[in-house]
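Engineer: First, the structure itself, so that you have it in front of you.
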């Protein structure tokens, strides 16, 4: 065959390269492979030269890249790590009062279901649904005509009874004069005295009937018994209202309001112990209240009721605070957050809650050391006071706690560059660039 000598030449070169593979450099191996490829595929001398030059250039580039990477890695190892830029704040030490936080519900101090006191058809609705009304304001008018007729009839009965009583008085006076002269019998005298007593009783009965008719006539005008906000009309014009059954509307008071909340059993026992020691008043304890959309607790009030027993099903006790509501910020039924004074004033160390980190069951913070390094300190936490967290132990008053940039500290002892800020007033994050600026 035509390619048989060339194949034999390839086999010989391959055999020679296998014997010298362990001792020859990698460049020789590459040349042998190139020679083997040349034996299989016929190349022109010019193309063969270009191919050899390309392999040599590639090998040199790879070697230079490896050397450069090694030199950079060694330089990086030798360079000192940069200082992490963080914000640190001095521990705050001041007298505070611990506040315990609970959840509660707002309720009206007075709430009334307005019912009809006489039966009849509703003739007019005299209020606007949802408005505030005063005590005594007219709400509904029930058809008064039947009750006006009953009032007039009672008035006529009273006049008749008074006329009969006046006649009985006159007959009694004549009977007294006649009995002294023995002009009438004793039986006749007794009959006239009984008529006088009966006439007076009829007058009193007629007066009572007139009073009742007047009350019923007045009940046709349904008025608000309290001041507050009126609800919707449950019955409209033309509907029949049944006495003492039909609910016409409701009225709830607005100022002040009650806030009901339930401390747990342990908290209640702690309050009782403090009260026995004289460190906490038994009643009229101050509270601070905030709604769901409030930042903090902008409203204040006092506790005016503590239930007489603990709920055994929930392990809580019901408390009630009264809170002024002049601007109508509270509506009955709203969810509320309540802070109740838990202790007397005491000096405490305070830090920002954002500076606290967790390691399994331990809490710790980073403080700036004397050599500008981040030192870890394990701490014991208390409650909240004035928006900051109370630290019971683990810190000293002179410590500067790192409050921002904690993600840049990878291990205790890392070098930091701290800028001092006020505790609880972290710097605002940088604003995101606008789409126009980005373009």
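The values are calculated or read from the model by the stated rules, or taken from the named source; none is laboratory data. The model shown is predicted, which means the values in this text are computed figures rather than measured ones. Virtual Cβ from ideal backbone geometry, glycine too; neighbours counted across all protein chains shown.
Engineer: Please give the strands (runs of 3 or more DSSP E) falling wholly within region 242-324 in which 3 or more residues are at pLDDT 90 or above and more than 26 Å from residue 227 (Cα to Cα).
Structural biologist: By residue number, no strands (runs of 3 or more DSSP E) qualify.
Engineer: Another question, if that's okay. Can you find, within region 332-349, the residue that is surrounded by the most Cβ atoms within 10 Å (Cβ to Cβ) among those that are at pLDDT 90 or above and not in a strand (DSSP E or B)?
Structural biologist: Applying the filter and picking the extreme gives 332.
Engineer: Just to be sure I understand, how many residues within region 188-224 are touching a residue at least 60 places away in the same chain (Cβ under 8 Å) and closer than 15 Å to residue 160 by Cα?
Structural biologist: 0
Engineer: Residue check: is residue 189 surrounded by 13 or more Cβ atoms within 10 Å (Cβ to Cβ), farther than 30 Å from residue 129 by Cα and not assigned by TED's automatic domain parsing to the domain that holds residue 144? Even if it seems obvious, please write down each step before you answer.
Structural biologist: Details: surrounded by 13 or more Cβ atoms within 10 Å (Cβ to Cβ): yes; farther than 30 Å from residue 129 by Cα: yes; not assigned by TED's automatic domain parsing to the domain that holds residue 144: no.
So residue 189 fails the test.
Engineer: Right, here's the next one. Here is a list of conditions, (1) out of contact with any strand residue (DSSP E or B) (no Cβ under 9 Å at 6 or more places or on another chain); (2) surrounded by 18 or more Cβ atoms within 10 Å (Cβ to Cβ); (3) within 26 Å of residue 386 (Cβ to Cβ), and residue 279 meets all of them except one; can you say which number that is?
Structural biologist: For residue 279, the exception is condition (2).
Engineer: Being assigned to a helix (DSSP H, G or I), without any contact (Cβ under 8 Å) to a residue 12 or more places away in the chain and more than 30 Å from residue 150 (Cβ to Cβ) is the requirement here; does residue 170 meet it? So that I can check it myself, show each step before the final result.
Structural biologist: Values: assigned to a helix (DSSP H, G or I): yes; without any contact (Cβ under 8 Å) to a residue 12 or more places away in the chain: yes; more than 30 Å from residue 150 (Cβ to Cβ): yes.
Spelling it out, residue 170 is indeed assigned to a helix (DSSP H, G or I), without any contact (Cβ under 8 Å) to a residue 12 or more places away in the chain and more than 30 Å from residue 150 (Cβ to Cβ).
Engineer: Next question. State whether one or more residues within region 154-176 are within 49 Å of the chain's Cα centre (by Cα) and outside the structural domain of residue 265 (by TED's automatic domain parsing). Outline the logic, then answer.
Structural biologist: Residues of region 154-176 within 49 Å of the chain's Cα centre (by Cα): none.
No, region 154-176 contains no residue that is within 49 Å of the chain's Cα centre (by Cα) and outside the structural domain of residue 265 (by TED's automatic domain parsing).
Engineer: Does residue 329 satisfy being more than 24 Å from the chain's Cα centre (by Cα) and either surrounded by 12 or more Cβ atoms within 10 Å (Cβ to Cβ) or outside any strand (DSSP E or B) (or both)?
Structural biologist: no
Engineer: So which of 213, 233 is at pLDDT 80 or above, assigned to a loop (DSSP other than H, G, I, E, B) and surrounded by 12 or more Cβ atoms within 10 Å (Cβ to Cβ)?
Structural biologist: After applying the criteria, what remains is 233.
Engineer: Continuing with this model, one more query. Tell me yes or no: at least one residue of region 183-206 is under 30 Å from residue 140 (Cα atoms) and part of a helix (DSSP H, G or I).
Structural biologist: yes
Engineer: Can you list the strands (runs of 3 or more DSSP E) lying wholly within region 43-124 that have 3 or more residues being modelled with pLDDT of 80 or more, closer than 30 Å to residue 253 by Cα and touching a strand residue (DSSP E or B) at 6+ places or on another chain (Cβ under 6 Å)?
Structural biologist: 99-108, 111-115
Engineer: Quick check on my filter: what residues within region 365-409 are in a loop (DSSP other than H, G, I, E, B) and buried (at least 18 other Cβ atoms within 10 Å of the Cβ)?
Structural biologist: Listed by number, the residues that qualify are 395, 399, 405, 409.
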